[in-house]
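> Below are the structure tokens for one structure; questions will follow.
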Amino acid sequence: MALSSAAGVTTPLLHIGFESAGEPGATPVILLHGFPYDVRAFDEVAPVLAAGGAYVLAPYLRGFGPTRFLDDSTMRSGQQAAIGQDLIDFLDAMGIDRAILAGYDWGGRAACIVAATAPERVRGLVTVGGYNIQDIARANEPTAPEWESTYWYQYYFHGERGRRGLDRNRDELCELLWRMWSPTWSAAATAFPASAPSLHNPDFVEVVIHSYRHRYGLVDGDPRYQQLEDLVARQLAITVPTVVLESGDDGVGGPAADDRALFTGGYEHRLLPGIGHNVPQEAPVAFAEAVASLLP
């Protein structure tokens, strides 16, 4: 069963659009996309999981696709605590007590935050790249120059030129990121148009720019998330059963960090040679198998 057309659910701040597959009474699995992607990343993953007994839900993150803020006055924050809280709010709105969470990039960060701070809500975790919670206190510590160069877009977004560039050239810029981050994926350019409409959400630019400025301490966050930001700043261990997927050819950020000590529950690491940043779309079978290994 493929992902359905978009539905929606209302949380305290958002109307969150989502797509689904499988029967609502089955084990809930939440698939979480990153930037600059959308739920199309899971088109080949969801049917496999639904056939295996999962109720698959793929929400659009704030600033993407049909997801909308309820109030014009709400800060368009992209900070990590905001997307983590959005996930908790989504579970609550859907009436889901516990779910398997699986994500990459921003979505992997949201999943890790919920797994670390609300483990009672998480049956299991699949995270691409390991422990994705930002250590903002150390954000300005440099890494190897060859990997620093792959963060050019983040530094670009720190200034007004980058904000305008994202606004005016979002399709060209985001397609470039798709191709650079997945250097061995020949289908990146042809797959991008299916996700491009989600990047034209009216809040996309503001949310993205805030995200890449907040993580470096350049702007303040939304005060409503400060308690959660303080909690995740402690770099809490993740205690739930976890499968870490590591891309063998990720074009951004370099090899996964040595963060094994931050996972204290059941743990499995799977290396994916020849796969870039967009793991579920480049390697849907491997991604689905990782999630399925956590199903009851």
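> So, in Å, what gap is there between the alpha-carbon centers of segment 71-112 and segment 188-257?
Cα centres, segment 71-112 to segment 188-257: 11 Å.
> Further question on the same structure: Once amide H atoms are placed 1.01 Å from N in the peptide plane, what residues at a sequence separation of 5 or more from Val122, or on another chain, have their amide H within under 5 Å of its amide H?
Residues meeting the criterion, in which the H sits 1.01 Å from N, are Ala99.
> Something else now. Between Arg260 and Glu120, how many nm apart are label points set 7 Å from Cα along the C-beta direction?
Simple spin-label model gives 3.2 nm for this pair.
> So, one more: Amide H neighbours of Tyr267 under 5 Å, counting only residues 5+ apart in sequence or on other chains, H built in-plane at 1.01 Å?
Thr242
> Would you mind counting up the charge near Asp92? Only other residues with Cβ under 15 Å from its Cβ, with Lys and Arg at +1 and Asp and Glu at -1.
-2
> Between His15 and Tyr155, what is the label-to-label distance in nm when each label sits 7 Å out along the Cα-to-Cβ direction?
About 4.1 nm, to one decimal.
> Rounded to whole Hz and in sequence order, give me ³J(HN,Hα) for segment 132-137 from the Karplus expression 6.51 cos²θ - 1.76 cosθ + 1.60, θ = phi - 60°, writing x for Gly and Pro.
Each residue's phi maps through the Karplus curve to give 8, 6, 5, 9, 5, 4 Hz.
> For Gly253, list long-range residues whose amide hydrogen, built 1.01 Å from N in the peptide plane, is under 5 Å from its own amide hydrogen.
Counting only residues 5 or more places away or on other chains, the set is Thr150.
> Quick check on segment 7-292: of the DSSP beta bridges with both residues there, what percent are antiparallel, nearest 5%?
30
> Here's another thing I want to ask about it. Could you tell me which trypsin sites (Lys or Arg not before Pro) in segment 200-278 are loop residues by DSSP with no more than 13 other beta carbons within 10 angstrom of their beta carbon?
Arg234
> If I compute Cα extents along the principal axes in Å from the structure I just sent, which labelled value in (1) 74, 46, 27; (2) 61, 44, 36; (3) 48, 43, 40 lines up?
Label (3) holds the value from this structure.
We did not get these values from a lab; they are worked out from the coordinates using the rules stated. All values reported here derive from a predicted model rather than from experimental measurement. Reconstructed Cβ throughout: ideal geometry from the backbone, glycine too, with neighbour counts over all protein chains shown.
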